[in-house]
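Accompanying notes for the structure given below.
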Amino acid sequence: MIGTAGGSWRIGVDTGGTFTDLVAVGPGGDVRLQKVSSTPVEPARATFEALERSGVDPAGDVDSFVMGTTIATNALIQRRGAPTVLITTAGFEDLLYIQRIDRQGLYDLQWVKAEPYVPRNRVVGVAERVLADGSVRTPLSDEELARVVEEVRRITAHDDRPAVAVSLLFSYVNPSHEQALSAALAGALEGVPVSISSAVAPIWREYERSNTTVMDAYVKPIVRDFAGHLVRELDEVGMQGWRGLLRSNGGQVAIPDSVSKPIEIVLSGLAAGMISGAHFAGAVDTAKAVTLDMGGTSADVGVIVDGELQFSGLFEVEFGLPLALPILDVTTIGAGGGSIASIDSGGLLKVGPQSAGAEPGPACYGLGGEAPTVTDANVVMGRLNPGYFLGGRMSLDADRAQRAIAPLADRLGLAPEDAADAIVSVSIENMDGAMRLVTVDRGLDYREFDLVAYGGAGPLHAVEIARRMGMNRVIVPPNPGLTSAYGTIIADQRVDRRVTLVRRLDDSESEDLPAALGRLADEVVAELRPQLRRPEAPVNVTTYVACRYLGQNYEQEIRTEFGHVDRSFELAVPIGATAADFVARLADGYHATHSAAYGYEMRDQPIQSVYLGATALSPAPDVAIRPYEGRYDGAQPVTRRVLAEAGHWVDARIVNRDSLAVGAVLGGPAVIEEADSTTWVPPGFEAAVHDSQCLIIARSEEGRR
Amino acid sequence: MAWHDLDKSWHDTTVDYCDVCGNLLIARYWSFVEPVGGETRRCCDESCERLFHRLRRIEESAPGS
Amino acid sequence: MTGTPPPMAGIDRVGLTLLYKRVRNICDEMAFAMMRTAYSPIFSEGLDFSTLVLDRRGRLIATAGINPAMLGASLYAATWIIREVGPENFADGDVFVHNDPYRGGSHLPEHMMVAPIYHDGELAAFVGNIAHLAEIGGMAPGSFAATATDIFQEGLRIPPTKLFDRGEPVRDIWRIMLANHRTPDNSWGDLHAMLGSLRVGERRVGGLIAERGIEGLNEAFEQILDYAEAYMRSEIAGLPDGIYTGEDCMEDDGVSDRSYWIRSRIIIEGDELIFDYSRSDEQAIGPINAPYVVTLSASLNGLLYVLARDVPVNAGIVRPIKVVAPAGTITCVRLPGPCVGGQTEFQPRIMELVLGQILSQILPERAAAASGNTSLNFLFGGTDPRNGEYYAHYHFEGMGWGGRATSDGNSAQIVPHANCRNTPVEIFETKWPWVHEEYRLNDDTGGAGRNRGGLGVRRVMEVAGDVITVSALSERMKRSPWGLFGGRDGSRTALEVAPAGSETYETFQEAFGLVSPSKFANIRLRRGDRVRITSPSGGGYGDPLERDPAKVLADVELGFVSRASAESVYGVVIAGGSATGDSGQDGSGSGDGAAGDAAVDEAATAELRRVMRDGVA
């Protein structure tokens, strides 16, 4: 990928579990790409190593430095967070243990329920009670306030950098008790961060809200240290540019601001890839696309509708530990290049979710792995070039791959290469299932969608997936293995907020909806404005109301673009039309959305709002990309034997991606190789290089017949 | 030892049960004559007849278990 | 023979895997549609439903992994509907509804819908679903009449009936159904959620047929069934031949004090298995009886819990298995026996009998001690003073699960034969006029063992409407959840009430002079009355004296086990700290040994354990 002339360097970094990737776009269209091994203990070290290797002068003309990080994610997964105290309504101290009482697998008698982040003896019950309508049944007395503060002081007395979470019943309706506690704690316990649920996630369902608040507190000291460390190091190398992190909602946030609500950067790393996927979907003018980021151990699937990434209100760190915040809607399944193939007790072939990971890795890495993996299958099939893995920095052992697959092939009664084909097919079916759910769950017909594929292993499988599902085209961005790092550069700045507001639309109680929505819009703008990298940058505000038929328990978000928010962000003006008109249009929108998603609507049923949402967004400046200087003319084709499908070997053309100029068209069978990924174009398909340098792969004329 | 139709009038909403396993008999049933006692039994299909004999055999070899 | 069954000739195994996954995906898509659009929290929050893809004879090909309690009905009900109606009497656009427990249903609240799928005028397959409607009439709001003595008191019974005729709603039927439900708006919404889910299934199965043709698809379906059969046979063949027995009972039937015994024996011969319940008691007067499919579900679920977890669940798995449950016994109810509690109380009892008592004899490492093993159904209805509208709700409670070979039982988990979620307090109180005082774990109750039973929960809530009519259908009030391999029993269920203004709780039985402590109907509570629901805890696994003292200490520090029990039951002496332990009925929920200064007194513990074991001081 080559950038066009710009003023100064924009640097993006993605720190993954295995690799840390860096993309820098600089003056004169200069682009630097780096992939180095991650340093999980000290994530910043790999970052600075990549920066140094890239040759970009950090003290030079740097516009911005933005990072996608897994620091908070890992703290949650590995449980390395702060010793945390939870303060909750007395009588409900066990909500973190009770959870939602369901279990992960139907027939798994051995399953162990997830351990809460806060053990029971660090939960403090407070005598207070707010009711469903916000009225106070039991006031919070000064004496109780003092008692709770003392209790927290006692529990945290010997802690190393503790944190406190406060989550009281119905605080999303009336936050006054939480706010009083927060103020009292801040006054009494200096330096101990306090997260309150009415600020972190003001939504109903006490367990989900409380757990989200607990996770926020739990990662706060770690994120604060990480951010402080990063800023100091950036100062040391003399970097002058704006410094930010990527949030789970796909927006950039200035490093200091990320510290106040660190739960918002939990999916930082995943978000980076999806932002990029959406960007390239836009670059080739596709309004509907599924993004597939497939790496070594897992595949992340997202959806783009009307050119926009979709959001979800719930994400589980592990089963039973939900994070209830607007985050980019991504489904992760255990299907990657390292996924292991095996035979189940019914005699059928299974692939994943176990993975060989980076160590020992697939058998062909020669690092001691013996189990057959998807990567091994691709080597046996000739689709991966053993001599050009990671651009030749690592070589693969085709014999080992073959040997790993042989026993499995015997049991299946297949030739090794046909067993390899079967492994790839089953792995593709696993992804197919996830992709169908991601779309159909949201009422979307995937047959109208393109597939944007990236990550090291995505482009290798994408065309087969799209063919099987009957999807349109496959889009492969340039440098697909570095797509996530690129995403951090091009991410917008954005703030999302949600607040629960339950109102019947057929009742006068709904009159306050537009005003409440206006206030929420004000709030997101007020939060975003001081963070803006360019104070003069335009801010777009969108709002939505989540509704359902009265009696239903899941809601759908209805966009409310009725011009009631002033884009100057100076003022969210009241809705122009009357409140009744607003509500009537909202109801129409809901009926239509329900019908589109589930095939029916119920006009005679009352509708209820559940929560309101608002997003303030400041788009990042464009990064244009200058074309490759392609030299490929097909005059002296290099070919390799590749298994196109079971029992069918073909001579595929082997082409280096750098040599393909804009406008070039390459018919399958072909393998397009680049340092960080490989694209397989089966017979009957052709790849065309789009102006954006994306490969667009579709059925060829010949294939269509 | 033959299939029979369960003739029920449309307004008869009662149901019948297999004499061997207890499952429902719907539309038709399999009948056989018990070797000891000579009673006619109605059951799901041939497999239930085999089950009948099998249980009897088990009973004879390990009574009351 | 164990392990992999012999290769099946002429079968494309990879193709089969791919197809089965696609059919499973269809079921998942149907389930999502249902969850997102349902009205009753018991199926939107609680996920009390199943979605099915069936072949043209109604045989189950795949089901979404939602509620295993419906397995028996999923396997048989559609087949029965099709046979009774006659395949020739179906038409494109028809939808049949059915909830008849004498015809393959589990109990009246669970409604099944099936729709045929045609291709070029020829019947190709069926899609279906089963969902628990919250209110379907009968003698008590919430349709869980614990004192019913026949099925006519339990609600509206519907034999296979056309709800849609060639795409048009059969309005008379809809009107009869809705007129018999107390909350018809809710039913209208839930029935539409079920219909929407069928539409999703129709579209997707239609796509499969277009791809493969009717014959091609049904041939593949046949192979999927054969595969599941081979899988089960292979698993069963791995179990030692023999006859294994066990028994347990239902404490009472709600209308009399008598208990009813379930006597089970499992006969394993080669790769086939028989569940024989023919020695069980005759059917009860009250609603604890099981229809045949419930006994079948329970048996299969118990087996599936200890066998491989990833067996494809379809009609093939029952081929090597026979369930003998003679009509007229408590294991196969005859008309007019009531049976609403069979699904929720009898089913888990049998399931744990199979997996805990019987299979533990041959697979101790995969077994578990008894869970609380009651759904603890608590039903209520009334008029909400906040909006004047009538409501009814079917509430259930989580409980402790039994200890297992390698870990303690989970606390606050749904009964093992189901997989439903609780209703959050904030949703509960927004929807219905109750105010909760507490909802917490019930300390120091888990059955002691090398691996401890999980804790039950305690819920206290106050009536915030003028009158609320409540009913309950529960178990484990007279007999405790059993421990396994020397583990102690868990604790029991309690349903108590304190009249407005009083701090004294008494059982519902005492307060209202009831026949059964656990099963009652239509008790009228008034504003300010408080209800205390205590769910049972799980039994322990293995000798408590073998429990790692460090785990006992941790339990004391967290308040799960009292310091007194640590000594008297586990033989573990804890020195130092201020671990008071006995947090008891009004415990604050936090143990008090947190400062880290409490420790196990190793010497005293060793001596105490020796004495407890040998009985010599």
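The values are calculated or read from the model by the stated rules, or taken from the named source; none is laboratory data. Source: prediction; values computed, not measured. Note that each Cβ is placed from the backbone with ideal geometry, even for glycine, and that neighbours are counted across all protein chains shown.
When residues in the range B:1-32 are screened for being of a type in the set (Val, Ile, Thr) and modelled with pLDDT of 95 or more, 1 of them pass. Restricted to the range C:554-567, and to residues there that are buried (at least 24 other Cβ atoms within 10 Å of the Cβ) and not in a loop (DSSP other than H, G, I, E, B), the residue that is farthest from the other protein chains (Cβ to nearest Cβ) is C:Ala566. Scanning the range C:379-386 turns up no residue that is facing another protein chain (nearest Cβ under 10 Å), of a type in the set (Phe, Trp, Tyr) and either in contact with a His (Cβ under 7 Å, 6 or more places away or on another chain) or buried (at least 24 other Cβ atoms within 10 Å of the Cβ) (or both). Of all residues in the range C:245-294, those satisfying the criterion of being in a loop (DSSP other than H, G, I, E, B) and small (Gly, Ala, Ser) are C:Gly254, C:Ser256, C:Ser259, C:Gly270, C:Ser278, C:Ser280, C:Ala284, C:Gly286, C:Ala290.
When A:Glu601 is tested against (1) part of a helix (DSSP H, G or I); (2) within 14 Å of chain C (Cβ to nearest Cβ); (3) surrounded by fewer than 21 Cβ atoms within 10 Å (Cβ to Cβ); (4) at pLDDT 85 or above, only condition (1) is not met.
Condition check ((1) touching a residue at least 40 places away in the same chain (Cβ under 8 Å); (2) surrounded by 24 or more Cβ atoms within 10 Å (Cβ to Cβ); (3) touching an Asp or Glu at 6+ places or on another chain (Cβ under 7 Å)) across all residues:
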{"residue": "A:Ala287", "(1), (2), (3)": "no, no, yes"}
{"residue": "A:Leu292", "(1), (2), (3)": "yes, yes, no"}
{"residue": "A:Pro322", "(1), (2), (3)": "yes, no, yes"}
{"residue": "A:Asp329", "(1), (2), (3)": "yes, no, no"}
{"residue": "A:Gly338", "(1), (2), (3)": "yes, yes, no"}
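Could you say whether any residue in the range C:472-493 is surrounded by fewer than 23 Cβ atoms within 10 Å (Cβ to Cβ) and within 25 Å of A:Gly125 (Cβ to Cβ)? No, the range C:472-493 contains no residue that is surrounded by fewer than 23 Cβ atoms within 10 Å (Cβ to Cβ) and within 25 Å of A:Gly125 (Cβ to Cβ). Of all the residues in the range C:387-418, those that are in a loop (DSSP other than H, G, I, E, B) and either more than 7 Å from every other protein chain (Cβ to nearest Cβ) or buried (at least 23 other Cβ atoms within 10 Å of the Cβ) (or both) number 21.
I need the full set of residues from the range C:78-91 which are within 10 Å of chain B (Cβ to nearest Cβ) and either touching a Gly at 6+ places or on another chain (Cβ under 6 Å) or closer than 12 Å to C:Val293 by Cα (or both), in order please.
Correct list: C:Thr79, C:Trp80, C:Ile82.
Residues in the range A:228-259 that are at pLDDT 90 or above and either touching a Pro at 6+ places or on another chain (Cβ under 7 Å) or on the phi > 0 side of the Ramachandran plot (or both): A:Val237, A:Gly238, A:Met239.
Identification of strands (runs of 3 or more DSSP E) wholly contained in the range C:427-544 with 2 or more residues that are touching a His at 6+ places or on another chain (Cβ under 8 Å), more than 19 Å from C:Pro348 (Cβ to Cβ) and not polar (S, T, N, Q) yields C:457-463.
For the range A:500-529, enumerate the residues that are within 14 Å of chain C (Cβ to nearest Cβ) and either aliphatic (A, V, I, L, M) or in contact with a His (Cβ under 8 Å, 6 or more places away or on another chain) (or both). Across the range A:500-529, the qualifying residues are A:Leu501, A:Val502. So is C:Met250 within 13 Å of chain A (Cβ to nearest Cβ), under 25 Å from C:Asn377 (Cβ atoms) and touching a residue at least 40 places away in the same chain (Cβ under 8 Å) or not? So C:Met250 does not fit the description; no. The residue of the range A:157-173 that is farthest from A:Asp216 (Cα to Cα), among those that are within 34 Å of the chain's Cα centre (by Cα) and at pLDDT below 95, is A:Val173. Looking across the range B:18-42, the residues that are in contact (Cβ under 8 Å) with a residue 24 or more places away in the chain, of a type outside the set (Lys, Arg) and touching a His at 6+ places or on another chain (Cβ under 9 Å) come down to B:Tyr29, B:Trp30, B:Ser31. Residues in the range A:463-484 that are farther than 13 Å from A:Val284 by Cα and either of a type in the set (Val, Ile, Thr) or in contact with a Pro (Cβ under 8 Å, 6 or more places away or on another chain) (or both) were compared, and the one that is surrounded by the fewest Cβ atoms within 10 Å (Cβ to Cβ) is A:Arg467.
Kindly indicate whether any position in the range B:2-17 is within 26 Å of C:Gly242 (Cα to Cα), free of Cβ contacts under 8 Å to residues at least 40 places away in the same chain and either more than 10 Å from chain C (Cβ to nearest Cβ) or touching a strand residue (DSSP E or B) at 6+ places or on another chain (Cβ under 6 Å) (or both).
Scanning the range B:2-17, I find no residue that is within 26 Å of C:Gly242 (Cα to Cα), free of Cβ contacts under 8 Å to residues at least 40 places away in the same chain and either more than 10 Å from chain C (Cβ to nearest Cβ) or touching a strand residue (DSSP E or B) at 6+ places or on another chain (Cβ under 6 Å) (or both), so the answer is no.
Answer with yes or no whether C:Arg233 is modelled with pLDDT of 90 or more, outside any loop (DSSP other than H, G, I, E, B) and within 14 Å of chain A (Cβ to nearest Cβ). Against the criterion (modelled with pLDDT of 90 or more, outside any loop (DSSP other than H, G, I, E, B) and within 14 Å of chain A (Cβ to nearest Cβ)), C:Arg233 qualifies. Listed by position, the strands (runs of 3 or more DSSP E) contained in the range A:62-159 that have at least 1 residues being without any contact (Cβ under 8 Å) to a residue 12 or more places away in the chain are A:136-138. None of A:Thr84, A:Thr69 is within 25 Å of A:Phe315 (Cβ to Cβ) and within 14 Å of chain C (Cβ to nearest Cβ) except A:Thr84. Scanning the range C:424-449 for residues that are farther than 22 Å from A:Arg120 by Cα and either buried (at least 23 other Cβ atoms within 10 Å of the Cβ) or of a type in the set (A, V, I, L, M, F, W, C) (or both) yields C:Ile427, C:Phe428, C:Trp432, C:Trp434, C:Val435.
Limited to the range A:87-104, what total is found for residues that are of a type in the set (D, E, K, R) and more than 7 Å from every other protein chain (Cβ to nearest Cβ)? So the answer is 0. A:Leu140 meets the stated requirement of being surrounded by 21 or more Cβ atoms within 10 Å (Cβ to Cβ), more than 10 Å from chain C (Cβ to nearest Cβ) and hydrophobic (A, V, I, L, M, F, W, C). Among the numbered criteria (1) touching a Gly at 6+ places or on another chain (Cβ under 7 Å); (2) on the phi > 0 side of the Ramachandran plot, which one does A:Thr69 miss? Checking A:Thr69 against (1) touching a Gly at 6+ places or on another chain (Cβ under 7 Å); (2) on the phi > 0 side of the Ramachandran plot, the one that fails is (2). Reported count of residues in the range C:62-105, each being in contact (Cβ under 8 Å) with a residue 24 or more places away in the chain and outside any loop (DSSP other than H, G, I, E, B), is 28.
Among strands (runs of 3 or more DSSP E) entirely within the range C:106-200, having at least 1 residues that are surrounded by fewer than 24 Cβ atoms within 10 Å (Cβ to Cβ) and either hydroxyl-bearing (Ser, Thr, Tyr) or free of Cβ contacts under 8 Å to residues at least 12 places away in the same chain (or both) singles out C:110-119, C:161-165.
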